[in-house]
Each structure stands twice: as C-alpha cells, then as structure tokens.
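The values are calculated or read from the model by the stated rules, or taken from the named source; none is laboratory data. Fair warning: this is a prediction, and the values are worked out from it, not measured in the lab. All Cβ positions, even for glycine, are placed from backbone atoms using ideal geometry, and neighbour counts span all protein chains on display. Accessible surface areas use protein heavy atoms only, side chains included; no ligands, DNA or RNA. Shrake-Rupley method; radii C 1.70, N 1.55, O 1.52, S 1.80 Å.
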Amino acid sequence: MSEIGVFYGSTYGNTANAAAKIAAHLERLLGQPIPPQDIAQVDLKTLEGYDKLLLGCSTWNIGELQYDWEVLYRQLDTLDLNGKQVALFGCGDQLGYPDSFQDALGILGEKLEERGASLVGLWPVAGYEHTRSLGQRGEFFLGLALDEDNQAHLSEGRIARWVERVLEEFGLLMKVDG
C-alpha cells in the first residue's frame, strides 16, 4: 500500500476539488499518482494502512463536520493512528460563519490526536477574516483553510505552498530556501 493517502468528505464538491488539486501537486512533486479517495466510499480502517495521511473535511452549518465525516466520527475511536502523520485541509465560509470558520479542522484534529496521530501542515491564520475557530491554535489553523466562497482566487497558491510544507514535514521533500 502507498505511504501517503488522501481522503476527503465532500457534499457539493469544494473539498473534492481541493483534494484533486492537492493530489495533482503531490504527483508533480513526488512523481507518482496519489488518487484522492472519498471517505464515504472506503472502509475507515483503510486509513491505518498509511503512514502519512492528508484528510479533507469542510465545516457545515454552524461548526459541524461535513456529513460523511459526521457519520463516521464515532468509528474513528476504533482506529490506531499511533505514529501516523496527518495533515488536514478544509473548506469553509469565513464571512458567513466567522464564529465557526474551520471548526471541522479542530473537531477532526482533536479526535485524530486522541487516536495517536501527530498533526502536521499547520497553516497561518493571517489573511483570514474570522472571529473564532475550533480549528485554530494560537496563530495557526490545524491544517489548510480554504474559503471558496470569499477567497477562491487564493486557493491554488495556498494549496501549492501547503503541499510543499506538508511534504517537508513528512520528510519527503527538501526544504526550499526562500
């Protein structure tokens, strides 16, 4: 099985599109395809077969997990993620929901850490307009924060920089100066 797995939950396609873009950057940098997988279409135990995971979940309503992740949330308690490195990415609406922007990153991240995973790929909160987030620790989100409603024009650049950062933290890419 591949060392890296990309999984996502997506209702209307924003997180699926982000996962596809992330996978394209991974392939460009690593020279091998890593197809993103819809979390609703796989056995959750599949995650244990990877050393490094990139997991996508959008925030829904007022600070809730995307439906597929919500359905699987309790099953996460059955996973052994000790020694796994996990990078999170999520979509949200910082202007429509400024008090719960990227809460899903926090909900999912906390559960994954409880199961033994170490989070990598933290992303700076600078450049966002939100007031509160469960997905924020200090000056960083627990993963890549995307906002296709208000900052779609920034997503491609953010994804490119984040994928490089994650691969550096995974130890699979040498840090580039600058």
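Accessible surface area normalised per residue over region 68-178 is 47 Å², counting heavy atoms of protein chains with a 1.4 Å rolling probe. For region 123-178 versus region 78-115, the inter-centroid distance based on Cα atoms is 13 Å.
In this label model, E113 and Q41 are separated by 3.2 nm, measuring between points 7 Å along each Cα→Cβ vector. Orientation-averaged projection of region 115-178 equals 5.7 nm² [convex hull of Cα atoms, one quarter of hull surface area]. Taking A126, A23, A145 in turn, the Gaussian network model of the chain (Cα-Cα springs below 10 Å) assigns the largest fluctuation to A126.
For region 68-178, compute the orientation-averaged projected area of the C-alpha convex hull (one quarter of its surface), in nm².
In nm², the orientation-averaged hull projection of region 68-178 is 7.6.
Taking the protein heavy atoms of the chain in the context of the full set of protein chains, the accessible area attributed to carbon and sulfur is 48 percent at 1.4 Å.
Sparsely packed loop sites in region 106-164 (the GluC sites (Glu not before Pro) outside DSSP H, G, I, E and B with at most 10 other Cβ atoms within 10 Å) comprise E139.
Pop the C-beta distance of V71 and E48 into the FRET formula with R0 = 25 Å and round what comes out to the nearest 0.05.
0.85
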